[in-house]
Amino acid sequence: MSGGIIEPFWHPAVSEGFILDWDGVLAETRLNFAPLRARYFDGKFVPLFEALETLPPSIADRLRKDIYDLEMAGAESAVAVEGARELLEWLEGEEIPWCVVSRNCMDSIILAAERAGLPLPPVVRSRDEPPVKPAPEALWSAAEQIGVPSGKCVMVGDFVYDLVGARRAGMRAVLVQRPDAEWKHWADVSFDRLSEFVQSLKNPKAIVPWEYAPLVSEKGENSLLAGRGKGTVLSSKTPDVLLRLMKKAEEGILFFRLDDPDAPLLPGQWRKLPGLSPAWLDRPLKAAAEYVLGTRFPFAALVAEESSPDGVEWETISAPEGGTGE
């Protein structure tokens, strides 16, 4: 990996596409929605745009206009976030595709860009083009538009919706400009200031990804490095084969094989992994395993025996007697 960063360690600098939030990341408009929440929702913290659907039409129209007016007023006095121009210059220099995905309206984004003197990329997704963050479809669509696989993208934001959206979309997440945020744990890494993030991009150092934070917290970084030299062969007849796969991935194992890669996903195996859609039943077990790994441990992989990496020490976990996954 570039910069000497070896998987499963990571750094945003190795990402192939950047999806940037707008307000608070590139442009600072100092929006304060608290008065609107007080007026319409008794001060409760609710996602305003989603909450519009719960209001009578006349009240929803009034709130929609109030949000628009607030955003336009903020855009009128927008300034560039410290480090924003340097970030865009770095992306340009590295020839990394980038786009903007925001919950703001497009009119306010265009106005804020003019006032702050910031360029807008060809791809800008606002709330005028639903779905909006944290819906993963908003980020998947953006990644497709800039021509980068979603798993190779990083979402850079300053609010919890950015981080939750990234987690739902299977993307890396960077939090900036929120030194006291209670929800930092949603991010792979956080920087108190955007300018600090830019300096880190220019001098990248290995970061422990979000999914391995519990392992490293308990056993240290060496445990994660050790996983690079280990692999696990799982029996396709084991009822809890997918649970075992996840458990081994949690331990930092990066390479997996199935003893029968053509086996189907059986009913007993499906039942053992809550949350897995029944649409996977009778489809190849290998495909289901790849899906499960990809959504939780994207650096881990199923490999064929003939293409197994050199130097990997393989452990075989046999099926229990009488266990067929039926």
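The values are calculated or read from the model by the stated rules, or taken from the named source; none is laboratory data. None of the values given here were measured: they were computed from a predicted structure. No Cβ is skipped: glycine too gets one built from the backbone with ideal geometry, and neighbour counts run over all protein chains shown. To get the accessible areas, we keep the full protein, side chains included, count just its heavy atoms, and leave off ligands, DNA and RNA. Shrake-Rupley method; radii C 1.70, N 1.55, O 1.52, S 1.80 Å.
How much length is gained if the chain between Glu290 and Trp314 is pulled fully straight, taking 0.36 nm per residue apart and subtracting their Cα-Cα distance, in nm to one decimal?
6.8 nm
In whole Å and largest first, what semi-axes does the C-alpha gyration tensor of the range 1-122 yield when each eigenvalue is scaled by 5 and square-rooted?
Details: eigenvalues 229, 65, 27 Å².
Three semi-axes, in Å: 34, 18, 12.
Please give the length that would be gained between Lys152 and Leu243 if that part of the chain were fully extended, namely 0.36 nm times their separation in residues minus their C-alpha to C-alpha distance (nm, one decimal).
My answer for the length gained is 30.2 nm.
Relative to the longest principal Cα axis of the chain, at what angle does helix 57-76 sit, 0 to 90 degrees, rounded to 10?
Helix 57-76 and the main axis of the chain meet at about 80 degrees.
Add +1 for every Lys or Arg and -1 for every Asp or Glu among the other residues with Cβ under 13 Å from the Cβ of Trp314, and state the total.
-2
May I ask you to derive the FRET efficiency for Glu218 and Ala60 from their Cβ-Cβ distance with R0 = 45 Å, giving the value to the nearest 0.05?
0.40
Using the Kirkwood formula on the Cα atoms of the range 1-57, what hydrodynamic radius do you get, in angstrom to one decimal?
15.3
Please work out the Cα center distance from the range 1-76 to the range 291-314, rounded to the nearest Å.
About 37 Å separates the Cα centre of the range 1-76 from the one of the range 291-314.
Between beta-carbons, use under 14 Å as the cut-off and find the net charge around Asp66, counting Lys and Arg +1, Asp and Glu -1. Let's see the in-between values first.
Numbers: positive: Arg37, Arg39, Arg62, Arg64, Lys65; negative: Asp61, Asp69, Glu71.
Residues near Asp66 contribute +2 overall.
Give me the one-decimal nm value for the distance between modelled label points at Glu7 and Leu52, 7 Å along each residue's Cα-to-Cβ direction.
4.0
Rounded, prolate or oblate, given the Cα gyration tensor of the range 228-326, with a/c below 1.5 counting as rounded?
The shape class here is prolate.
With angles folded into 0 to 90 degrees, how steeply does helix 106-116 sit against the dominant principal axis of the chain? Use alpha carbons for both and round to 10.
So the helix axis and the longest Cα principal axis differ by about 70 degrees.
Which of the peptides 268-277, 21-30, 141-150, 41-50 is most tightly packed, and how do the rest follow, going by the mean number of other Cβ atoms within 10 Å of each residue?
Per-residue Cβ counts within 10 Å, averaged per peptide and sorted highest first, yield 21-30, 141-150, 268-277, 41-50.
With the Cα gyration tensor of the range 56-199 giving a ≥ b ≥ c as the square roots of its eigenvalues, does the rule (a/c under 1.5 for rounded; else a/b larger than b/c for prolate; else oblate) give rounded, prolate or oblate?
rounded
Helix 160-169 versus the longest principal axis of the chain: what angle, 0 to 90°, nearest 10, using Cα atoms?
40
How big is the range 46-96 along each principal axis, measuring the range of its Cα positions in Å and listing the largest first?
49, 24, 16
Using a ≥ b ≥ c from the Cα gyration tensor of the range 218-258 (square roots of the eigenvalues), is it rounded, prolate or oblate, where a/c under 1.5 gives rounded and otherwise the larger of a/b and b/c decides, a/b for prolate?
Taking the square roots of the gyration eigenvalues as a ≥ b ≥ c, the range 218-258 is oblate.
For the chain, report the % of Cα-Cα distances exceeding 39 Å.
24
If I stretch the segment between Glu95 and Asp180 completely, what's the gain in nm (0.36 nm per residue apart, minus their alpha carbon distance), one decimal?
Stretched out fully, the Glu95 to Asp180 stretch lengthens by 27.3 nm.
How long are the three semi-axes of the equivalent ellipsoid of the range 149-232, in whole Å, if each is the root of 5 times an eigenvalue of the C-alpha gyration tensor, listed from largest down?
23, 15, 13
Of the accessible area of the chain, with the probe set at 1.4 angstrom, what percent is carbon plus sulfur? Could the numbers behind the result be given before it?
Numbers: 7990 of 15930 Å².
With neighbouring chains kept in place, the figure for the chain is 50 percent.
For the pairs Lys65/Lys184; Lys205/Lys230; Lys152/Lys272; Lys133/Lys202; Lys184/Lys272, note any where the Cα-Cα span goes beyond 26 Å.
Lys65/Lys184; Lys152/Lys272; Lys133/Lys202; Lys184/Lys272
So who's got an amide H within less than 5 Å of the one on Val233, skipping anything under 5 residues away but keeping other chains? H placed 1.01 Å off N, in plane.
Arg257, Glu315, Thr316, Ile317
Using a 1.4 Å probe and ignoring any ligands, DNA or RNA, find the accessible area of Glu7 and quote it in Å² to the nearest 10.
Spelled out: Glu7, probe radius 1.4 Å, area about 60 Å².
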